[in-house]
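The values are calculated or read from the model by the stated rules, or taken from the named source; none is laboratory data. As the structure is a computational prediction, the values presented were derived from the model and not from experiment. Cβ atoms come from the backbone with ideal geometry, glycine included; neighbour counts cover every protein chain shown. For the accessible areas, the whole protein counts, side chains as well, though only heavy atoms, and no ligand, DNA or RNA atoms are used. Shrake-Rupley method; radii C 1.70, N 1.55, O 1.52, S 1.80 Å.
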Amino acid sequence: MTAKVEILDDPSPLKNKVSYGDGGIDADVIARAEQVVAAMQGDYLNWVVDDLDKLTQYYSQAAQLPAADRLAVMRELFGVAHDIKGQGGSFGYDLMTLIASQLCRFIEGCTDFNDLAMDVVAVHVEALRLVIADRLEGEGGVPGKKLLVGLDAVLKKAGLPGDE
Amino acid sequence: MNGLNGAALKVMVVEDNQHFRLLIRTVLQTLGITQVEEARDGADALARLHHFAADFVIVDWKMEPMDGIAFAHHIRWSPDSPNPTLPIIMVTGYSEPALLAEARDAGVNEFLTKPISAKGLVGRITSLIAAPRPFVRSETYFGPDRRRRQLPFSGPEQRSQSGYQGPVLVRS
């Protein structure tokens, strides 16, 4: 059997539309882009509070339901946590990404949102709030490490799935 | 200085989170790219691409009702596609190898994991511009060549030993 494979060389040549040096983009351009993103940190700190409030709202909403009926609300909570995970590191809050990632993995692996599981979620939401309240930039230094160790201990104590 | 003036480029950002859209738009502006159209999901983007001839798109994976993979598949294969060879950069919070392979097989050009950095995004855009890969069209795949490097191989070719006679390469 013979298969036909067609090769199209650079069907969308973008080079023709830009002025561009031979040596690639230099460090100045990247540094400028990084500076502009870093300047958005203030905006991030404003909008992440809205996301944290959403997490709390979803948590409260789920906690009022019987354990068997919590899944749909927890999926909504997961979506917000996933956004927080994706944004933290972009704006210098890597610890937000680490904690939100752990929360996402926990929710993904959880098959029963019983009260113990809800406690684990609550602790992670509070940890995220603490990072922003105390402005724990980067990985948060010593306080950040203590926070992560504490969250690991909560997961182990609960015997529930967390971040690998 | 080897800067990049992207003033002539038109870019569509497909992302359901307004903050991510702002972040990406801001990085684009540092490259001189100001012709930016935003869409909230894949279906919204497809509709907008019929009147906004983007030079490339930056698309999130997880969106509703149409996610980034469905969008890429539509762009590459649909008879209604506004541009089957449109370069696609996919941005996502998921980095599992199986998901990366799914994006690659859907014909995505470049992949970027959140949290994104300015350096990472600029690097992917630079790759599209300075090191574009040829497109491959077969019965089951249409998109950029999935082999980023051509490596020499001295062993026996499995396909020749099994009687496989193809593929026939046609360079357009």
Close pairs from the range B:77-104: first more than 26 Å from B:Pro115 (Cβ to Cβ), partner part of a helix (DSSP H, G or I) and among the hydrophobic types (A, V, I, L, M, F, W, C), Cβ under 6 Å, at least 6 apart: B:Ser81/B:Ile75; B:Pro82/B:Leu49
Filter result for B:Ser117 (modelled with pLDDT of 95 or more and among the polar types (S, T, N, Q)): no
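Quick check on A:Val123: is it open to solvent by 30 Å² or more (accessible area, probe 1.4 Å) and β-branched (Val, Ile, Thr)? Step through it out loud before you land on a result.
Values: open to solvent by 30 Å² or more (accessible area, probe 1.4 Å): yes; β-branched (Val, Ile, Thr): yes.
So A:Val123 passes the test.
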Lone unmet requirement of (1) over 20 Å from A:Glu6 (Cβ atoms); (2) at pLDDT 95 or above for B:Gln158: (2)
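Within the range B:85-113, work out how many residues are over 20 Å from B:Phe135 (Cβ atoms) and open to solvent by 20 Å² or more (accessible area, probe 1.4 Å).
Of all residues in the range B:85-113, those over 20 Å from B:Phe135 (Cβ atoms) come to B:91-99, B:112-113.
Filter once more, so that each one left must be open to solvent by 20 Å² or more (accessible area, probe 1.4 Å): B:94-99, B:113.
Going through the range B:85-113 one residue at a time, the tally reaches 7.
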Contacts under 7 angstrom Cβ, first residue in the range B:37-59 being among the basic types (Lys, Arg), partner open to solvent by less than 60 Å² (accessible area, probe 1.4 Å), 6 or more apart: B:Arg48/B:Met12; B:Arg48/B:Glu37; B:Arg48/B:Ala39
